[in-house]
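The values are calculated or read from the model by the stated rules, or taken from the named source; none is laboratory data. Since we're looking at a predicted model, the values are computed, not measured. For neighbour counting, all protein chains shown are included, and Cβ atoms are generated from backbone atoms with ideal geometry for every residue, glycine included. The area values use the complete protein model at the heavy-atom level, side chains included, leaving out ligands, DNA and RNA. Shrake-Rupley method; radii C 1.70, N 1.55, O 1.52, S 1.80 Å.
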Amino acid sequence: MALKKAFETTKKTAYAALFYGQTGVGKSTLACSADKAIIVDFDGGLERVAIQHRQDYSAVTNWQEAVADTQQAIASGYTTVVVDTVGKMIDRIEADIRANNPAMVDKRGGLTLKGFGLRKIMFSNYLNSLKNSGVNVVFVAQETETEEDGRKIRRPAVGSDKMATELLQDIDIAGYIHVVNGKRTVEFGTVDY
């Protein structure tokens, strides 16, 4: 490793963001405003975005298709990949594991501990391959609400609290989108209500 002076910095070339909130609040519309974006539509919800706000998209039905379409989009010059929604993306990864790794599925159809480990690896590999290619990533997620110590906590709905924590560790910025006094608002940081 090369030592650097305090004033020498390495410019980051790719970022990962997350926008989450209730259905219909404008998460996908905001994500579609990204420069040279391709939308990887995991939940089939892009038709809810007004046509004037849409970007090119891939309506994927399985994980392998999502990976292939994303690689093709990068080769075609798109600089931002929008994953809409990350919860459905996780569902597609889990379905791929069930189909291709039966030893990682328990008797009830759930993933084993090794299956959950593979899910994390597949997710991280996808995200890292995009960032290493210099492509920005915007994840869109629904919100889920829990209560802790009498406070309502809103988090991205991505399967489990553990997966939400792992997602938040892998991204650079997260914004909670909601309506305040009739106006759409994005709050960054921890959002408790």
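These residues, D35, D170, D56, D41, go from largest to smallest accessible area, 1.4 Å probe, as D35, D56, D170, D41. Report in % the part of the accessible area of the chain that belongs to carbon and sulfur, leaving out ligands and nucleic acids; probe 1.4 Å. Whole-percent figure for carbon plus sulfur exposure: 51. Positive-end ranking of V186, I97, V138 along the dipole of segment 54-193, with charges on Cβ about the Cα centre, is headed by I97. Taking 29 Å as the limit for the C-alpha separation, the pairs K11/K152; K27/K120; K5/K120; K107/K131 exceed it in the case of K11/K152; K5/K120; K107/K131. Under a 5 Å amide H cut-off, with hydrogens placed 1.01 Å from N, I153 pairs with T146, E147, E148, Y193 among residues at least 5 apart or on other chains.
Summing charges over neighbours of S33, with a neighbour being any other residue whose Cβ is under 12 Å away from its Cβ, gives +2 when K and R count +1 and D and E count -1. Among the chymotrypsin sites (Phe, Trp or Tyr not before Pro) in segment 1-56, those placed in a DSSP loop whose Cβ has at most 13 other Cβ atoms within 10 Å are F7. Largest GNM mean-square fluctuation across R151, R108, R54, computed for the chain with C-alpha springs under 10 Å, falls on R108. Based on C-alpha pairs under 8 angstrom that are at least 6 apart in sequence, segment 1-63 has a relative contact order of 27 percent.
Computed over the chain, the per-residue total of -39500 (n - 2.57) for DSSP H runs of n ≥ 4 gives a 222 nm mean residue ellipticity of -10500 deg cm²/dmol, rounded to 500. For the residues K131, K120, K11, a GNM of the chain with alpha-carbon springs under 10 Å puts the largest fluctuation on K11. Less than 5 angstrom separates the built amide H of D172 from those of A16, A17, all sequence-distant by 5 or more or on a different chain. Share of pairwise Cα-Cα distances greater than 21 Å in segment 31-126 is 37 percent (whole percent).
Derived scalar couplings between HN and Hα for segment 82-90 equal 9, 9, 10, 9, 5, x, 5, 4, 4 Hz in order, rounded to whole Hz, by the Karplus curve 6.51 cos²θ - 1.76 cosθ + 1.60 (θ = phi - 60°), x for Gly and Pro. Residues H53, H178 ordered from highest to lowest accessible area at a 1.4 Å probe: H53, H178.
Pairs of alpha carbons in the chain separated by more than 26 Å make up 36% of all such pairs.
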